[in-house]
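Worksheet: one structure, shown below.
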2 protein chains.
Amino acid sequence: MDLASFIRTIPDHPKPGIQFRDITTLLGDARAFAYAVEQLAARFHNSGVAKVAGIEARGFILGGAVARELGAGFVPVRKRGKLPWRTLSQEYSLEYGVDAVEVHGDAIAPGESVLLIDDLIATGGTALAALALIEKLGAHVVGAGFVIDLPELGGMKRLCERGVNAQALCVFAGR
Amino acid sequence: MDLASFIRTIPDHPKPGIQFRDITTLLGDARAFAYAVEQLAARFHNSGVAKVAGIEARGFILGGAVARELGAGFVPVRKRGKLPWRTLSQEYSLEYGVDAVEVHGDAIAPGESVLLIDDLIATGGTALAALALIEKLGAHVVGAGFVIDLPELGGMKRLCERGVNAQALCVFAGR
């Protein structure tokens with residue numbers, strides 16, 4: 001299935017020169033959504049994945065479905081200040097300034113195998129911050145899956161350099 | 001399975017007197033998460049559900065998995081300004097002021113059957129706003145599912161008065 005054909009490109013959003021890749025059109029198509037979930041899970045059925053970590057907010061949609069597909073638990077990786085209990089926090093750089101992602105301190109047990117899921121990888125800042133959080137908890141990232149890779153922004157390369165078994169279902173040139 | 005036993009109560013969060021019901025401990029347990037998804041989907045396997053609408057952000061986690069379970073597409077109901085394309089917007093009242101939820105104008109086709117999913121129903125403001133959006137698109141809400149109902153806040157009653165086939169998996173007294 002040509003998943004890329006289900007993704008809507010919105011020119012000059014959120015600012016001039018950016019081609020925004022809108023996955024809501026993919027999510028809304030029952031067959032394309034099912035196929036994306038199956039493909040993100042496919043390589044990990046026998047990897048002993050205990051937890052799927054999904055990155056807020058679009059990573060929740062795919063990550064929840066992938067967790068169900070693999071019979072794993074789900075762990076939300078949230079933006080700063082959104083989780084109600086004790087958290088670990090990891091900052092990452094944005095184009096201007098810094099932001100942070102957080103997980104609950106008891107979300108993942110030491111030694112557990114974790115699959116990281118998000119909708120898109122660009123510079124990889126959020127994914128690398130999530131990776132750092134999971135490793136701080138003593139767990140092991142067995143893989144990372146994305147629907148979209150924007151390779152010119154280098155995030156997939158950075159994840160691979162960190163030894164992460166990372167995969168994207170569609171690749172779009174440009175940013 | 002006693003799903004309520006997997007939910008963590010955080011006293012006085014986010015403010016004194018509120019017992020916050022934290023579902024991350026349920027989501028993180030593979031069996032409890034699978035059971036919750038199965039229970040939310042169970043009554044709708046033969047209802048011709050074309051789309052599952054999940055409310056940002058925790059409703060994305062459950063809604064994505066329920067959509068996969070039912071072989072339906074997924075529609076994100078997002079907070080104002082988060083969707084990239086043309087939207088319909090519906091305001092709802094908060095304790096102080098108003099907020100709004102939005103869906104893409106092409107997210108649901110007229111006549112489609114939609115299942116609404118969120119983690120919790122309290123006053124029902126968000127769920128009723130989502131219902132209004134789905135109906136504005138000419139679609140039909142065949143049901144609504146929540147993990148938690150706080151019945152003293154009246155949301156479930158309001159949904160039922162609107163004729164919605166609504167269900168919650170756990171009920172907690174108090175707010």
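Working only within the range A:64-82, note down all residues that are open to solvent by less than 20 Å² (accessible area, probe 1.4 Å) and farther than 17 Å from A:HIS140 by Cα.
Here is the first cut: in the range A:64-82, the ones open to solvent by less than 20 Å² (accessible area, probe 1.4 Å) are A:64-67, A:72-78.
Scanning the range A:64-82 gives A:GLY64, A:ALA65, A:VAL66, A:ARG78.
I need the full set of residues from the range A:87-110 which are out of contact with any strand residue (DSSP E or B) (no Cβ under 7 Å at 6 or more places or on another chain), at pLDDT 95 or above and more than 10 Å from chain B (Cβ to nearest Cβ), in order please.
A:PRO110
Any idea which residue in the range B:10-42 is most open to solvent (accessible area, probe 1.4 Å), counting only those that are farther than 15 Å from B:GLY63 by Cα and more than 10 Å from chain A (Cβ to nearest Cβ)?
B:PRO16
Pairs under 9 Å by beta carbon, first residue open to solvent by less than 20 Å² (accessible area, probe 1.4 Å) in the range B:147-175, partner modelled with pLDDT under 95 and charged (D, E, K, R), six or more apart or different chains?
B:LEU150/B:ARG175
Confirm whether B:LYS51 is crowded, with 24+ Cβ neighbours inside 10 Å and of a type outside the set (S, T, N, Q).
Numbers: crowded, with 24+ Cβ neighbours inside 10 Å: yes; of a type outside the set (S, T, N, Q): yes.
Judged against the criteria, B:LYS51 is a match.
When you go through (1) within 10 Å of another protein chain (Cβ to nearest Cβ); (2) open to solvent by 10 Å² or more (accessible area, probe 1.4 Å); (3) not β-branched (Val, Ile, Thr) one by one for A:ASN46, which number turns out not to apply?
Looking at each condition in turn, A:ASN46 falls short on (1).
Residues in the range B:109-149 that are over 17 Å from B:LEU70 (Cα atoms) and within 8 Å of the chain's Cα centre (by Cα): how many?
4
Given (1) crowded, with 19+ Cβ neighbours inside 10 Å; (2) out of contact with any Lys or Arg (no Cβ under 7 Å at 6 or more places or on another chain), where does B:LEU94 come up short, assuming only one miss?
(1)
Search the range B:17-30 for residues that are more than 16 Å from B:VAL171 (Cβ to Cβ) and modelled with pLDDT of 95 or more and pair each with any residue that is open to solvent by less than 20 Å² (accessible area, probe 1.4 Å) and assigned to a helix (DSSP H, G or I) when their beta-carbon atoms are under 6 Å apart and the residues are at least 6 apart or on different chains.
As it stands, the answer is B:LEU27/B:PHE33, since those pairs meet every condition given.
Let me spell it out: the conditions are (1) free of Cβ contacts under 8 Å to residues at least 24 places away in the same chain; (2) surrounded by fewer than 19 Cβ atoms within 10 Å (Cβ to Cβ); (3) under 16 Å from A:ILE121 (Cβ atoms), and A:ALA57 meets all of them except one. Which number is the exception?
Going through (1) free of Cβ contacts under 8 Å to residues at least 24 places away in the same chain; (2) surrounded by fewer than 19 Cβ atoms within 10 Å (Cβ to Cβ); (3) under 16 Å from A:ILE121 (Cβ atoms) one by one, A:ALA57 breaks only (2).
I need the full set of residues from the range B:116-175 which are under 26 Å from B:THR25 (Cα atoms), part of a helix (DSSP H, G or I) and not small (Gly, Ala, Ser), in order please.
First pass over the range B:116-175, keeping only residues under 26 Å from B:THR25 (Cα atoms): B:116-127, B:143-156, B:166-175.
Still in the running and part of a helix (DSSP H, G or I): B:125-127, B:151-153, B:155-156.
Within the range B:116-175, B:THR126, B:PRO151, B:GLU152, B:LEU153, B:MET156 qualify.
Would you mind telling me which numbered condition in (1) more than 14 Å from chain B (Cβ to nearest Cβ); (2) surrounded by 18 or more Cβ atoms within 10 Å (Cβ to Cβ); (3) more than 21 Å from A:ALA42 (Cα to Cα) A:ALA132 fails?
(2)
Which condition number does A:GLU112 fail, the rest of (1) under 21 Å from A:ILE61 (Cα atoms); (2) crowded, with 20+ Cβ neighbours inside 10 Å being met?
(1)
How many residues, within the range A:63-82, are touching an Asp or Glu at 6+ places or on another chain (Cβ under 6 Å) and within 7 Å of another protein chain (Cβ to nearest Cβ)?
1
Quick one: which residue in B:ASP106, B:ASP119 is on the phi < 0 side of the Ramachandran plot and open to solvent by less than 60 Å² (accessible area, probe 1.4 Å)? Reasoning before the result, please.
Numbers: B:ASP106 fails: open to solvent by less than 60 Å² (accessible area, probe 1.4 Å).
Criteria check complete, one pass: B:ASP119.
The values are calculated or read from the model by the stated rules, or taken from the named source; none is laboratory data. Bear in mind the structure is a predicted one, so any value in this text is a computation, not a measurement. All Cβ positions, even for glycine, are placed from backbone atoms using ideal geometry, and neighbour counts span all protein chains on display. Side chains included, ligands, DNA and RNA excluded: accessible areas come from the protein's heavy atoms. Shrake-Rupley method; radii C 1.70, N 1.55, O 1.52, S 1.80 Å.
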